[in-house]
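Worksheet: the structure to be examined is printed underneath.
The values are calculated or read from the model by the stated rules, or taken from the named source; none is laboratory data. Model, not experiment: these values are computed from the prediction. We place every Cβ from the backbone using ideal geometry, glycine too, and count neighbours over all the protein chains shown.
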Amino acid sequence: MSGKFGGRKYQASKSGATVAYRAALRRKLNQTGWRQRAAVGAAVLDSVEFRVGGLAKVEFLIGFLARRLLGDQDQVDFNDADPQGGQISPTGLEDVVAIDVETTGLDSRRDRIVELALVGLTGEGDLAWQWESLINPERPVPLSATQIHGIRDSDLVNAPVFSEVSGAVEALLAEKVLLAHNLRFDAGFLHAEFRRCGLAVPTNRGIDTLQMSRQFDANERSHKLADACRRYGVYLSGGHRAKQDAMAVAQLFVAMCERNEDHSSGFSPGTYRIG
């Protein structure tokens, strides 16, 4: 199987050697001039195999990382046999879902989600689908929060509580890679809502465009979403609503990857296990 990312192709191969492949990348990271990136790069390499619902997959990001470290190759081969006995299949941009939440405050332990949006991508990096919903937080929305996102108590009277949309959210996120700007914030609130419902917390992998911005544009003073979008020519409405922000994050991610495809110091965006 093969796919495209950043204008280049990657190909899955049954004959590759995943362990040796990762070892080669690690050796490159530890060569002179790469030592300072070894810790970050190793974390990304560890995401070659990750499990969601017992299924091991290979992230398309590893192919991108490999091209940056091992040379500008048109084809990158993966092994579809997991050393732990599972089965690996290639993933692409269509496996990425951008997420954004609007909330009653900043503390996921006591504050609640008032709006949630998910945006999917096509394999070519275009917007494929979107899902959004207001969420009744079952408590008043503080004025300080309303001043940020504009959502009032009156907007949420007929909105579903999180438990009523949890099934749809879980299905849309199944076996996906979450994408957000400041991922820990959005994922933290999402997981807190699942816990309140007595449901299992999703264990998706995640990509943080905030961390990517800090790496790619280290000389910039601000890495806020609005400033990152401005640098990469991505439109972001001024409304600070979940759908608009999630769409902007998805487009920002694609734009950052495309512009930095020839990034000379390697590609190692923040990739974390969530949950």
Pairs where the first residue, in the range 176-195, is under 18 Å from V254 (Cβ atoms) and the second is β-branched (V, I, T) and part of a helix (DSSP H, G or I), C-beta under 8 Å, 6+ apart = L179/T209; L179/V249; A180/T209; A180/V249; H181/T209; H181/V249
Only one of these conditions is not met by T146: (1) of a type in the set (S, T, N, Q); (2) over 24 Å from the mean Cα position of the chain (by Cα); (3) not in a helix (DSSP H, G or I). Which number is it?
-> (3)
Go over the candidates L116, L65, L93, L156 one by one and state the one that is under 16 Å from the mean Cα position of the chain (by Cα), modelled with pLDDT of 90 or more and not charged (D, E, K, R).
-> L116
Out of (1) under 22 Å from the mean Cα position of the chain (by Cα); (2) modelled with pLDDT under 50, the one P83 does not meet is (1)
Selected residue [surrounded by fewer than 17 Cβ atoms within 10 Å (Cβ to Cβ), without any contact (Cβ under 8 Å) to a residue 12 or more places away in the chain, assigned to a helix (DSSP H, G or I) and small (G, A, S)] from A200, A226 | A226
The correct count of residues that are among the small types (G, A, S) and without any contact (Cβ under 8 Å) to a residue 24 or more places away in the chain in the range 145-175 is 3
Which of (1) of a type in the set (A, V, I, L, M); (2) in contact with a His (Cβ under 6 Å, 6 or more places away or on another chain); (3) modelled with pLDDT of 95 or more is the odd one out, the single condition V201 does not satisfy?
-> (3)
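What residue, among those in the range 229-245 that are part of a loop (DSSP other than H, G, I, E, B) and free of Cβ contacts under 8 Å to residues at least 60 places away in the same chain, is surrounded by the fewest Cβ atoms within 10 Å (Cβ to Cβ)? Can you show your working first?
At the first step, the residues of the range 229-245 found to be part of a loop (DSSP other than H, G, I, E, B) are 232-241.
The next check asks that each one be free of Cβ contacts under 8 Å to residues at least 60 places away in the same chain; those that pass are 232-238.
On the way: Y232: 21, G233: 10, V234: 20, Y235: 10, L236: 19, S237: 11, G238: 7.
Ranking the qualifying residues of the range 229-245, first place goes to G238.
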Only one of (1) surrounded by fewer than 16 Cβ atoms within 10 Å (Cβ to Cβ); (2) part of a helix (DSSP H, G or I); (3) among the hydrophobic types (A, V, I, L, M, F, W, C) fails for A248. Which number is that?
-> (1)
Subset of the range 152-192 (residues that are over 24 Å from L121 (Cβ atoms) and either assigned to a helix (DSSP H, G or I) or not assigned by TED's automatic domain parsing to the domain that holds S222 (or both)) | D153, S154, D155, F162, S163, E164, A192
Please find, within the range 251-275, the residue that is modelled with the lowest pLDDT out of those that are surrounded by 20 or more Cβ atoms within 10 Å (Cβ to Cβ) and assigned to a helix (DSSP H, G or I).
-> C257
